1. For a quick check of your reading of the model, give me the residue pairs whose first member lies in segment C:46-71 and is of a type in the set (Ser, Thr, Tyr), whose second is in a helix (DSSP H, G or I) and at pLDDT 75 or above, with beta-carbon atoms closer than 7 Å and at least 6 apart or on different chains.
2. Go through segment A:487-520 and give me each residue that's part of a loop (DSSP other than H, G, I, E, B) and of a type outside the set (S, T, N, Q).
3. Failed condition for A:ASN222, given (1) in contact (Cβ under 8 Å) with a residue 12 or more places away in the chain; (2) away from chain C (no Cβ under 14 Å); (3) within 28 Å of A:PHE85 (Cβ to Cβ); (4) of a type outside the set (Val, Ile, Thr), with all others met?
4. Go through the residues of segment C:90-98 one by one and say whether even a single one is buried (at least 16 other Cβ atoms within 10 Å of the Cβ), hydroxyl-bearing (Ser, Thr, Tyr), over 30 Å from A:ARG27 (Cβ atoms) and within 14 Å of chain B (Cβ to nearest Cβ).
5. Across segment A:12-44, which residue is modelled with the lowest pLDDT among those that are under 29 Å from A:GLY244 (Cβ atoms), of a type in the set (A, V, I, L, M, F, W, C) and assigned to a helix (DSSP H, G or I)?
6. Only residues that are outside any helix (DSSP H, G or I) and touching a residue at least 60 places away in the same chain (Cβ under 8 Å): list them for segment A:383-398, please.
7. What are the residues in segment B:88-120 that are free of Cβ contacts under 8 Å to residues at least 60 places away in the same chain, under 19 Å from B:HIS214 (Cβ atoms) and not hydrophobic (A, V, I, L, M, F, W, C), if any?
8. Look at segment B:119-161 and say how many of its residues are loosely packed, with under 14 Cβ neighbours inside 10 Å, at pLDDT 70 or above and either touching a Pro at 6+ places or on another chain (Cβ under 6 Å) or within 11 Å of another protein chain (Cβ to nearest Cβ) (or both).
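The values are calculated or read from the model by the stated rules, or taken from the named source; none is laboratory data. Quick caveat: nothing in here was measured; it's all calculated off a predicted structure. Here the Cβ positions follow ideal geometry from the backbone for every residue, glycine too, while neighbour counts run over all protein chains shown.
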Amino acid sequence: MRKLLMAAALAMGLGVVLGGAEAHTVRWAASGDPNTMDPHSQNVGTVTMVLQQIYDPLIARDQNLGLAPGLATRWEQQEPNRWRFWLRPGVKFHEGQAFTADDVVFTITRAQQPTSNYAIYVDTIERSVQVEPLVVDVITRVPDPILPNKIASILIMSRSWAEQNNSTRPQNTRAREEMHTTRNTNGTGAFRLQSREPDVRTVMARNNDWWGWQEPASQEGNVTEIVYRPISSDATRIAALLSGEVDFVLDPPLQDLNRLRQAQGIRVLEGPEVRTIFIAMDVHRDELQYSDVRGRNPFKDLRVRQALYHAIDIQAIHRTTMRGQSVVTGTLFPPQVNGYTQSEDVRLPYDQARARALLAEAGYPNGFEITLDCPNNRYINDEQICQAIVAMWARVGVRARLNAMPLGPFFAKIQREDSSIYLLGWGVPTLDALYSFQSLLRTRDGGHGNGIWNYGRYSNPRMDQLIEIMVNQSGEARNAAIREALRIYREDVPHIPLHHQMIPWAMRSNLAIPHMANNQPYFRWARMN
Amino acid sequence: MTAAMKRFLDSDLWWSFTRSPVTVLSAVVALVCVLGAALAPVIAPHNPFDLASLNLIDAFKPPAWDEEGVREYLLGTDDQGRDVLSAIMYGARVSLLVGLSATLFATLLGVSLGLLAGYAGGALDSLLMRICDIQLTFPSILVALLVDGITRAALPRELHDQIALFVVIFAIGISEWPKFARTVRGSTLVERNKEYVQAARVIGVPSARIMVSHVLPNVVGPVLVVATLNLGLAILSEATLSFLGVGVPPTQPSLGTLIRIGNDFLFSGEWWITIFPGLALIAMVLSVNLLGDWLRDALNPKLR
Amino acid sequence: MFAFIISRILQAVPVMLTVALISFAMFAYVGDPVAIMLGQDFTEAQRDALVRDLGLDQPFWMQFAHFVANAVQGEFGLSYRLSRPVADLIAERAPATLELAFCAAGIALLVGLPMGVYTGLYRNSWLSRFFLTFSLIGVSLPTFLIGILLILVFAVWLGWLPSFGRGDTVRIGWWTTGFLTWSGIKALILPAITLGLFQLTLIMRLVRAEMLEVLRTDYIKFARARGLPNRAVHFGHALKNTMVPVITIVGLQLGAIIAFAIVTETVFQWPGMGLLFIQSVGAADIPVMSAYLMLIALVFVSINLIVDLLYYAVDPRLRIGRGQGGH
Amino acid sequence: MSNAPPLLQVKNLRVEFPTRRGTLVALDDVSFDIAPGEVLGVVGESGAGKSMTGAAIIGLLEPPGRIARGEILLNGRRIDNLRYEEMRRIRGKEIGAIFQDPLTTLNPLYTVGRQLVETMTTHLPIGPAEARKRAIGWLEMVGIPAAAQRIDSYPHEFSGGMRQRVVIALALCAEPRLIVADEPTTALDVSIQAQVIALLKTLAREKGTAMMLVTHDMGVIAETADRVAVMYAGRIAEIGPVREVVKHANHPYSEGLMASIPPLDRRVERLAQIDGAMPRLSAIPRGCAYNPRCPQVFDKCRALRPDLINAGTTQAACWLYDTETARD
């Protein structure tokens, strides 16, 4: 640790001398704090938003989320089942280890461990082999045309460092274990972790040796230090931005946007996010939990699902709850995702009479009782959306009780499959349809990545077949499968889609940073004036 | 009845009441709060709990006097289109209900145990007073938070939500009983040694009867004072718990819940969602505290 | 004196043990550590192994003894939420809470005491009436509302003071302090006022009531009848006697400050133990909750001990008989 | 009785308490003198205004009580209208006070020595060391054994009687010319009462201090006082040499009061008792306040209030002694 600190101090000193630059500290705030520094333990935005400053993937994202060279300078699908990556020479980890093909092999194996939360990105990989010190082959069990999209989410670690620190597998956050990677990092990225106090502050310092500073996109980047502080209270976070205590707020509350836009010295960057909010239902149990319906499960009836869908006045939510900051949708993922089909993005219209009729038809003329589980600090205005929906359902006779809770207990509850109906948001880091279909709609059969977030246990054999095609095939066959899956999604109503999130970022006017649809700020491209 | 009324109007209590405009004003405010809360279902312009009546179109309406305000919503609406005035009336209902019930619970428990300790004396007395000592060293809000936290963790979530109101009442009540016990025990000790009680004892009136019929009426005054001052505290405790998100269930929002929800909108210009419930809470607690202060001074002529 | 301290410490032991029992019960039964640690996929063998590892197959009293032994050494296990030793978490956050509580207590005492004495002595001056009105509003305003309003005025409208956090801190050993940097001091002002205000008004009202009580006593009348100057009567005889009950209540209020810090820390995102506690309550992080409970109990017991000692120093009546083992 | 100019003159003193039901008159038209070195006993039932008179003299009436009329003169100087600070210099220095309950009169947190020293350094031109020396002297004088050690004791370390001795020392230590002693023995054990009274009497005589001795104990008065004033419902009913009042009371109330003292020299079957009770201040009857209870009442008593009238050896506020009143 001391060595690390000394190295950091030395690097800092060097940086100042070499760059001749002054210090540019970005003080950054968001509502949640990362609960680990392990790159493969938690696949959630709050963790990756910090770690991607520190670690590099093989393939990076450009400012439009397109693929760009990262630690690999070049890649090629040399055979249907084999991808080859040529690695960047001369890269060093923050603690000095040289980056080699062996680190890539190690990282992929690590991401496949049971304790990994990133298995879905590497589930098709059979093994990886070092061809030369700086060339790696990745062998897949099936042809995987979108492997680069997926590998772009895997952050590369040093094998020797992990082995030295007994961290060869990801930290098991479920088992409440602490290991070296809980608090320490050793990446190759643009910033190095300088200090970390959980829930209080995380400080990162510029890594002047980063390979990417010479890339055109980063040449303007002049940030020398990032101070991240979690501020969970919306009001306090915005007050801090307005009073100049922080420079950048990743998740400004929607209700404050108008005021922020008018405030002096504050800028609001708006953009779409690749994240779709929807409502999922337990369509598996024979008797619905948390309900007054006995002996059957109304959600198994398509008409009930349609009725709940018809009952939602999405325009009112868009206008009032989201204050215009959402893109209303009738499909599973936003246009940025490969496979998006405009003609399938059609909602069931808002129609209370139709909803009532469908309920009556299904045998619930007086509606029924349910409990809507809802996070209250995960998505933009999540609890308010749920409240509005509960009121709308009430108007067609479905008496929903709202059970709003923090994301910890919420995810624990739905992951126990202990929810009859819940609100969820799904981001698509791979920017490919498969990721959504496989995680959310594939039958939960224990297969790698199959239905891992399908807690309503939707199961449709045709859907499963189509997903298999998406996994195994490419070209037009694959595109057709996606189109058909989207049609089934629209017609069979496994979810009630609501909207794609828009993600406004708020910052002091003297900070310039490109807005990213994956809601991840890349401070390598940021400039402080 | 009229005689009793006349006697009351002639009493020092009533006199000191009419003499203090602040007290009269706070009594009026308290009365308005209580009536508004109690009669909410009858007089509130809307029913904020009737989900079917809510419409997002009505959300974020400013108070009626604002240019964009609507007559129908005197104090504006919140993010779900709920009428703020009605929400306050229903919220005050919950706040008052919890405050009163908790105080009543604390009073009953404290008075009984205080009587018991003072009258029985001996080991029981020492034990009870020792418990009082220990508990009084912990601030009531912490005790309430803890009791609430333990029940929250121990009970299944669904069950807890159903009985959350009672949990809060219990948590606040249990945190305040020692003050009553102390007061009553002190008065009981004094009364116990007075001749009439001794005499009652000698002629063989059972202890329990003596306590209830002789000692109790004499401790009514101090207990009333403690209860009034505690009512304000109980309402504040409930608001604080609810503000921290561990109080009454969100389905029955109290003033504290309303303030917590409204707080998110404070900086975005929709100040009425939090300020009005806040003012209502302050008015309620302040008037109760003023009444308590007055009552204490009026019943304790030495202080005058 | 020594015997007195020993006897008070001995009296504190059962209190601490009771609290430990509650903590332990929370830890062992409420939280169901096995279920939480295992997650969803486990075999019976894994379960049994974990039960054995945690010592949950031992008799209750053995487990409790084990818990107490660990607690004495500051071992409370790992936080469910942050996967870090609870002791480390608490040690990291304790300085923030203690510095905040210290400043709030300072404000409450330095302002509340003189105001109480003043209003007690000059009951009918307009300033006293103003103070009294102010104090009544003070006790009627919930802490969180005060905090919100202060943020609105001083952080947002005027932009003078920060609205959250501790500012820059300096590390001295394991202790981090905000006293040594300008931003640290600025960050402290609003939370300390918020936290101190309620206690301030309480202390003021209390001192006033005690002062009035004392001023009515015979010995004050007699002191006047002896022709002692007002200064001697008020600040010698009256104040010293007022201090005896005030010390107790003020001691208790200091404890209350640490408890109320939970609210203040939530409003100001102050990285102290209270915020940790509330976050842990939200995440049902039982080890942190039980450790916090034990720590708070320890703080209260210590405060009580100090209060008793002060009492002992101030009131000569206690010095007789007390040494033989309490009242 | 000496013919020297009086030390204390109280002239037509009236003390009022404004209350919500009108003004209560607690003392009305009270006049008396105390000569240097004289002991004036003041007797009466509780509520008659004895203690109130004492409090008015030392200028420590409890608010909202106030002197509405009349004058109090000390050595011919008016003291009832002095500012607080001027009056403070007189208290302790020229008028000492002794209160009823020695258990509550001493500050429990200060040693008796400190309380003595502060009193003396306040009023006398001496330093703390000298004051301490004198304090020990005073403690010896009031009969505290081992005074040099006991001076550093706290009040709670003394018994009730000893504490009252300390109080006496405190009242006398600045050598005042007048002591107002308000029921100095009432709270003490009967066995100690006599000792304390004896001590007071001796010290007053030795130092030539005059004393206003308020008590409801006629025995103490008879033993100690030179003159006695009998008070009833805020007025002086009769005032005169103690011997005369005790033996030949002129006012019917004094008469009744004296008859209620158990005589030491003979047995009586039944002590005399005055029927009825003293009226509350809010309901003092017209005319003579005593008229409803007076066995010798006649019409004039019900209509007009009598002033003090010479009645042989004493002065009595009773129409019986009005020379112009014809008795039918």
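1. The qualifying pairs do not exist here.
2. A:VAL493, A:PRO494, A:ILE503, A:PRO504, A:ILE513, A:PRO514, A:HIS515, A:MET516, A:ALA517, listed by residue number.
3. The one condition A:ASN222 does not meet is (3).
4. no
5. If we take residues in segment A:12-44 being under 29 Å from A:GLY244 (Cβ atoms), of a type in the set (A, V, I, L, M, F, W, C) and assigned to a helix (DSSP H, G or I), then A:VAL16 is modelled with the lowest pLDDT.
6. Hits for segment A:383-398 are A:VAL396, A:VAL398.
7. Hit for segment B:88-120 is B:SER112, nothing else.
8. Qualifying residue count for the region: 2.
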